[in-house]
Structures are given as C-alpha cells and as structure tokens.
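Structure first, then comments.
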Amino acid sequence: MFSLPIARLLEPAQSPLSALSGDLELQARVAAGRNIDEQTVRLFQHQLDITRVIDRRLGAPALLGQLRSQIDQMDAVLDDVLDEVVQQRLAAVLVDASALAGWQSLDQGQTSDAWSHYSKAIRVARHAKSAALEAYARAGQAVVLLDIGETQAAVDLTRHARTSAKGRVPDLLFSWLSAGYGEACAANGERLKSMQAFDDAERFVPSTDNGETPYLVFDSTHLSRWRGNALARLGAREAIDVLSDVLVRLDSSFTRAETTLRIDLAQVFTATGEKDAAAAHMERARLLAAQVGSVRQRKRLAALVG
C-alpha cells in the first residue's frame with residue numbers, strides 16, 4: 001500500500017513538531033561541526049600534549065576520566081565536520097587520544113577498556129587516512145594481548161603492523177614498531193627474532209626527532225630500555241648491563257618508565273640469585289608504582305615476590 005512496507009504504515013504518526021525538532025537537532029550538529037576549525041584542533045592537541053606530560057610524571061588515575069571526556073567530545077563532532085582537511089586532522093588527534101587512553105587503561109589494569117580504546121584508535125585512523133597512525137594503534141593493541149598472555153597473537157599483530165608500515169611511515173615510527181615486534185617475540189620465547197627486530201630498530205632510529213610523530217616519545221635511550229626489557233623476559237643476564245646503563249641516562253620525569261625498568265632489573269637479579277640487588281630495585285619500584293598509581297606494575301611486583 002502506497003509503496004511502503006507494512007512496518008512503516010503501522011508506525012505512530014509523526015507530529016510536525018517532532019519533525020521540526022529533528023531538523024533543529026541536525027542544524028545544531030552541523031553548526032557545531034562548523035565551529036571546529038584548525039585552531040580548535042590545535043587546542044585539542046595542546047590539551048592532549050599536556051595530559052601526556054602529566055601522565056608520564058604522575059600517572060593515569062587523575063587523568064583517565066578527563067581524557068575519556070575529551071575523546072567523547074571529539075568523537076561526537078567528528079562526523080559533523082564538513083571541511084575534509086579539518087576532519088582528518090581532528091581524527092588524527094582522536095587517534096592519539098584514544099591510544100593514550102588505551103595505554104592509561106592498561107596501566108590501571110583495565111584490559112577490556114584498553115582494548116576498546118585501541119580498537120577505536122584503529123577505526124579512526126582509517127578516517128584520518130593515516131597508515132602511520134593505524135600501525136601505531138595496532139602495535140599498542142598488541143601490548144594488551146601480551147598482558148593477557150596472548151603472546152602469539154601479539155607477535156602476529158606487531159609483525160603485520162610493521163610489514164604494512166614499511167616504506168610508508170617515518171623512520172622513528174618504524175623503529176618503534178620494530179621494537180614492539182621484538183618485545184612480542186621475546187614474550188613468545190623467540191630470542192633470535194627478537195634480537196633481529198631490535199637490531200632493525202637500531203638501524204632506523206634517527207639521531208634527531210623531526211616532529212613527524214608528535215604522539216611518539218622515543219629515542220635511543222628508550223630503545224635500549226625496551227631491548228633490556230626483552231632480554232629480561234628471555235632471562236638473559238646481559239639485561240643487567242643494558243638496563244643499568246639506561247637507568248643512568250633515563251630522564252627522571254619518566255616515572256612509569258623507571259618503574260618498569262627497575263622491575264625488569266629485579267626480575268633478572270632474582271633469576272641470578274642476587275637477592276640484595278633485587279630487593280633494592282623492588283623497594284624503589286614499589287614506591288614509584290605507588291606514586292603513579294600503576295596497577296599494572298604493582299601486579300608485576302606481586303608476581304615477582306610470589
């Protein structure tokens with residue numbers, strides 16, 4: 001009847017006022033989207049950059065709720081931004097924010113939330129038409145897999161991220177992706193592949209950061225820390241020299257990174273029977289983990305003591 005399906009014919013009649021309200025709602029959304037310009041995107045990025053610095057100094061507990069609100073705010077207007085260039089740049093900031101929220105959630109022991117944030121980051125990276133951001137988000141998601149014991153899946157995901165990114169992303173990001181693959185291989189007990197991946201990362205890490213990857217804080221010191229972590233996972237005594245050297249060079253503002261590094265050292269010293277050295281690093285790590293409110297690192301400490 002009237003070329004309409006029966007379900008449509010049986011719907012309650014829509015009042016003109018309801019239709020008008022729908023039009024006004026859409027007009028309001030379009031107007032809000034129009035208010036998102038280059039300057040607004042820069043403000044979102046600036047807010048995120050401040051969050052990142054505070055996070056590495058003080059930890060995630062006080063920041064995660066605020067960051068999630070910022071993500072919801074950007075997500076709500078993304079599809080209503082009509083300027084394609086502005087929309088892509090806003091999407092890039094949203095990927096960055098979602099990945100950071102994924103990392104913070106993981107640090108708080110909220111693995112399901114972390115997975116969801118990284119999944120959003122992957123989807124939005126496609127919106128941003130950025131192979132670099134998509135690879136970055138995928139490698140971040142692999143860390144969640146490592147934390148729940150899915151080491152082979154993490155190897156597969158990081159391998160895919162690195163392979164798909166080669167030749168399409170800045171050298172600094174490719175170096176970081178290679179290190180992530182090396183970490184996954186170490187967790188899966190594949191020492192040779194792990195060390196080869198770290199050697200690849202070493203070849204690609206640039207001497208200076210040219211600003212192409214503002215979402216990434218990574219250099220030769222952090223690469224050495226990551227290699228040391230992989231060696232500790234593999235139970236290699238040489239991890240002690242690598243990690244001890246990094247401990248001297250590490251910027252003191254990277255509180256969570258120092259926590260991880262000291263737990264890695266405690267793990268190796270425990271394995272080699274050097275109990276006093278292990279205890280000293282555990283004591284310092286326990287204090288730092290409490291300082292930044294890291295549930296993840298507290299669990300590592302508890303497992304090590306157990």
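The values are calculated or read from the model by the stated rules, or taken from the named source; none is laboratory data. In this text, all values refer to a predicted model and were calculated from it rather than measured experimentally. Quick reminder, even Gly has a Cβ in these numbers, built from the backbone with ideal geometry, and neighbours come from all protein chains shown.
Going through the stretch 187-210 one residue at a time, which ones are basic (Lys, Arg) and touching a helix residue (DSSP H, G or I) at 6+ places or on another chain (Cβ under 7 Å)? Even if it seems obvious, please write down each step before you answer.
Of the residues in the stretch 187-210, the ones basic (Lys, Arg) are 191, 193, 203.
The one that is basic (Lys, Arg) and touching a helix residue (DSSP H, G or I) at 6+ places or on another chain (Cβ under 7 Å): 193.
Tell me yes or no: at least one residue of the stretch 151-169 is under 27 Å from residue 42 (Cα atoms), assigned to a loop (DSSP other than H, G, I, E, B) and in contact with a helix residue (DSSP H, G or I) (Cβ under 7 Å, 6 or more places away or on another chain).
Filtering the stretch 151-169 down to residues under 27 Å from residue 42 (Cα atoms) leaves 165, 168-169.
Subsequent filtering for residues that are assigned to a loop (DSSP other than H, G, I, E, B) retains 168-169.
With the extra rule that they be in contact with a helix residue (DSSP H, G or I) (Cβ under 7 Å, 6 or more places away or on another chain), the set shrinks to 168-169.
The answer is yes; a qualifying residue exists.
Return the total of residues in the stretch 56-78 being modelled with pLDDT under 90 and either surrounded by fewer than 14 Cβ atoms within 10 Å (Cβ to Cβ) or in a helix (DSSP H, G or I) (or both). Don't jump to the end; show me each part of the working.
First, pick out the residues of the stretch 56-78 that are modelled with pLDDT under 90: 56-63.
Subset that is either surrounded by fewer than 14 Cβ atoms within 10 Å (Cβ to Cβ) or in a helix (DSSP H, G or I) (or both): 56-58, 62.
Number of matching residues: 4.
Would it be correct to say that residue 200 is closer than 17 Å to residue 168 by Cα, surrounded by 16 or more Cβ atoms within 10 Å (Cβ to Cβ), modelled with pLDDT of 90 or more and charged (D, E, K, R)? Give the steps one after another, and end with the answer.
Numbers: closer than 17 Å to residue 168 by Cα: yes; surrounded by 16 or more Cβ atoms within 10 Å (Cβ to Cβ): yes; modelled with pLDDT of 90 or more: yes; charged (D, E, K, R): yes.
It is true that residue 200 is closer than 17 Å to residue 168 by Cα, surrounded by 16 or more Cβ atoms within 10 Å (Cβ to Cβ), modelled with pLDDT of 90 or more and charged (D, E, K, R).
Of the conditions (1) within 30 Å of residue 50 (Cβ to Cβ); (2) in contact (Cβ under 8 Å) with a residue 12 or more places away in the chain; (3) in a helix (DSSP H, G or I), residue 287 clears all except one; give me its number.
In the conditions (1) within 30 Å of residue 50 (Cβ to Cβ); (2) in contact (Cβ under 8 Å) with a residue 12 or more places away in the chain; (3) in a helix (DSSP H, G or I), residue 287 misses (2) alone.
From 264, 241, grab the single residue that is surrounded by fewer than 16 Cβ atoms within 10 Å (Cβ to Cβ) and not in a loop (DSSP other than H, G, I, E, B). Step through it out loud before you land on a result.
Working: 264 fails: surrounded by fewer than 16 Cβ atoms within 10 Å (Cβ to Cβ).
Checking each option against the conditions leaves just 241.
Conditions tested, residue by residue: (1) buried (at least 24 other Cβ atoms within 10 Å of the Cβ); (2) over 10 Å from the mean Cα position of the chain (by Cα); (3) farther than 21 Å from residue 218 by Cα.
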site	(1), (2), (3)
91	yes, yes, yes
99	yes, no, no
128	no, yes, yes
131	no, yes, no
